[in-house]
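Here is the structure we will look at, set down as structure tokens.
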Amino acid sequence: MKKHIDQHDYNIFKINTIQMSLNDKVGQFYQIVPPDWVNIIAFHKGQLIMERQFRIGVEEQVLELPAGIIEKNEDIVQAAERELLEETGYSGRGQLIGTLIPNPAIQTNRCHTVLIPETCDTGQSSPDTFETIETLLMTEEQVKKAIRSGEIQNALHLASLYQYQLYY
């Protein structure tokens, strides 16, 4: 038995309060309901496209993959191609290589990894209003060094890079 008790909408995510019967006991639980996300592993002339941008959660500049929210009813690969172009000005055709569950204990969403093996630079990025993004091209060895040094710390981005490494 599952019963929705309450819901709060915080623009980019909702919080559900749920009453549910588990192991013959009734308990109250919380779900964070964010949209699905996409992480993009994209290459330009053999180098990985990376970003450095300010992240409000940790209040610091973070080195990470291009990534973003998948809009309602948007195809995963199309979302990746859109986000890459908006954030970096690079365009290319992608393919889904994996799906992750960010935090199944309390979150309902998925994080998808899309590979875009070849891109062209359009020179036309259009980041969101509050995004200031520095786009970097890095060799795979430079990315590995940034991971080892702790410069890349976003856990979901590390997981996406690992998915890529497993298959390519």
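If we keep just the residues of the range 42-62 that are among the small types (Gly, Ala, Ser) and under 15 Å from the mean Cα position of the chain (by Cα), which is nearest to Asp121 (Cα to Cα)?
Step one: of the range 42-62, the residues among the small types (Gly, Ala, Ser) are 42, 46, 57.
Next cut, under 15 Å from the mean Cα position of the chain (by Cα) only: 42, 57.
On the way: Ala42: 12, Gly57: 30 Å.
The selected residue is Ala42.
Tell me which strands (runs of 3 or more DSSP E) are completely within the range 1-79 and hold 2 or more residues being in contact with a Lys or Arg (Cβ under 7 Å, 6 or more places away or on another chain) and of a type in the set (A, V, I, L, M, F, W, C), or say none if there are none. Full working, then the answer.
Numbers: elements: 2-9, 14-22, 25-33, 37-44, 47-55, 60-64, 67-69.
So the answer is 14-22, 60-64.
Only one of these conditions is not met by Ile76: (1) of a type in the set (A, V, I, L, M); (2) at pLDDT 95 or above; (3) outside the structural domain of Gln124 (by TED's automatic domain parsing). Which number is it?
With respect to (1) of a type in the set (A, V, I, L, M); (2) at pLDDT 95 or above; (3) outside the structural domain of Gln124 (by TED's automatic domain parsing), Ile76 is out only on (3).
Could you please give the count of residues in the range 63-111 that are in contact with a Pro (Cβ under 9 Å, 6 or more places away or on another chain) and closer than 21 Å to Asp121 by Cα?
As a first pass, look at the range 63-111 and keep what is in contact with a Pro (Cβ under 9 Å, 6 or more places away or on another chain): 69-72, 80, 83-84, 86-88, 90, 92-95, 102, 107-111.
When the remaining residues are screened for being closer than 21 Å to Asp121 by Cα, the result is 80, 83-84, 86-88, 90, 92-95.
Selection size over the range 63-111: 11.
Looking for whichever is crowded, with 16+ Cβ neighbours inside 10 Å, in the same structural domain as Ala42 (by TED's automatic domain parsing) and either over 30 Å from Met20 (Cβ atoms) or without any contact (Cβ under 8 Å) to a residue 40 or more places away in the chain (or both) here; the options are Arg82, Arg148, Arg93. Which one fits?
Values: Arg148 fails: crowded, with 16+ Cβ neighbours inside 10 Å; Arg93 fails: crowded, with 16+ Cβ neighbours inside 10 Å.
The match here is Arg82.
Out of curiosity, is Val38 touching a Leu at 6+ places or on another chain (Cβ under 7 Å) and surrounded by 17 or more Cβ atoms within 10 Å (Cβ to Cβ)? Spell out the reasoning first.
Numbers: touching a Leu at 6+ places or on another chain (Cβ under 7 Å): no; surrounded by 17 or more Cβ atoms within 10 Å (Cβ to Cβ): yes.
Considered against the rule, which asks whether it is touching a Leu at 6+ places or on another chain (Cβ under 7 Å) and surrounded by 17 or more Cβ atoms within 10 Å (Cβ to Cβ), Val38 comes out as no.
The values are calculated or read from the model by the stated rules, or taken from the named source; none is laboratory data. These numbers were taken from a predicted model, which means no experiment stands behind them. When we count neighbours, we look across all protein chains shown, and the Cβ atoms used for this are built from the backbone with ideal geometry, even at glycine.
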